[in-house]
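A quick write-up on the structure given underneath.
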Amino acid sequence: QDGIAFVSDLPGDRKLPYVRVSGVEVKNFRNGIRLHGGKEASGFRDVLISDTSLHTNQDAGLVADGPAFDADAPAYAHEDVTVSGVTAFDNVGDPQASERNTGSGIVLGSIRRGRVEQSVAHDNGELSSPDAMEGPEGIWTYDSTRMTLQKNVSYGNRTGSRVDGGGFGLDNNVSHSVMQY
């Protein structure tokens, strides 16, 4: 399913430290790289994903996710996540997946303090579902806080539906974040 997967389902709000992925090529999976946090906001901290090529995956090149977001009591599965020098392309999406978002290059959810820099997303999302309620983006974040997206390039991204398909996004439940340069 996932080319490289980090999964934490520990009880409580526990963050496993020090994740490093560098200099790899991941292709032909559902997700190239996935950080998955548990329902009680367990996850990872001090994460660096760098100098990596993620392509021809179905759902996303790089994805981070965590528990359902609660605006009254925000909890984030991952902390201090840096994505640098990552290229995500031809992650096409799943035309049958109307119940989930597919076809993004880099999508980061459930993060406190994250940065995406000097990365490129292109030609993603072409086959995402025409019936999906939300579509893919090149580089985006949701349910996160204190995110910085900077010095990135995104082009040629699409959507199979009538929504989304853009280059960059600060999406649902994102706070104290900036996109620049």
Handout entry: strands (runs of 3 or more DSSP E) completely within the range 1-55 that count 3 or more residues being open to solvent by 70 Å² or more (accessible area, probe 1.4 Å)
Key = 15-22
Practice task
May I ask you to verify whether A77 is of a type outside the set (D, E, K, R), at pLDDT below 95 and open to solvent by less than 20 Å² (accessible area, probe 1.4 Å)?
Solution key: no
Practice task
Take the residues in the range 111-151 that are open to solvent by 20 Å² or more (accessible area, probe 1.4 Å) and of a type in the set (A, V, I, L, M), then tell me which one is nearest to the chain's Cα centre (by Cα).
Solution key: V120
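Here's the yes/no breakdown for (1) farther than 17 Å from M179 by Cα; (2) not hydrophobic (A, V, I, L, M, F, W, C):
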position: F69; (1), (2): yes, no
position: A77; (1), (2): yes, no
position: V81; (1), (2): no, no
position: N101; (1), (2): yes, yes
position: G109; (1), (2): no, yes
position: R112; (1), (2): no, yes
position: A121; (1), (2): no, no
position: G125; (1), (2): yes, yes
position: P130; (1), (2): yes, yes
Practice task
Could you grab me the full set of residues in the range 56-72 that are open to solvent by 60 Å² or more (accessible area, probe 1.4 Å) and over 23 Å from G165 (Cβ atoms)?
Solution key: A68, D70, A71, D72
Practice task
From (1) over 25 Å from A73 (Cα atoms); (2) more than 14 Å from the chain's Cα centre (by Cα), pick out the condition that doesn't hold for I4.
Solution key: (2)
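The values are calculated or read from the model by the stated rules, or taken from the named source; none is laboratory data. Everything numeric here is computed off the predicted structure, so don't read it as measured data. All Cβ positions, even for glycine, are placed from backbone atoms using ideal geometry, and neighbour counts span all protein chains on display. Note: areas computed on protein heavy atoms with side chains; ligands, DNA, RNA excluded. Shrake-Rupley method; radii C 1.70, N 1.55, O 1.52, S 1.80 Å.
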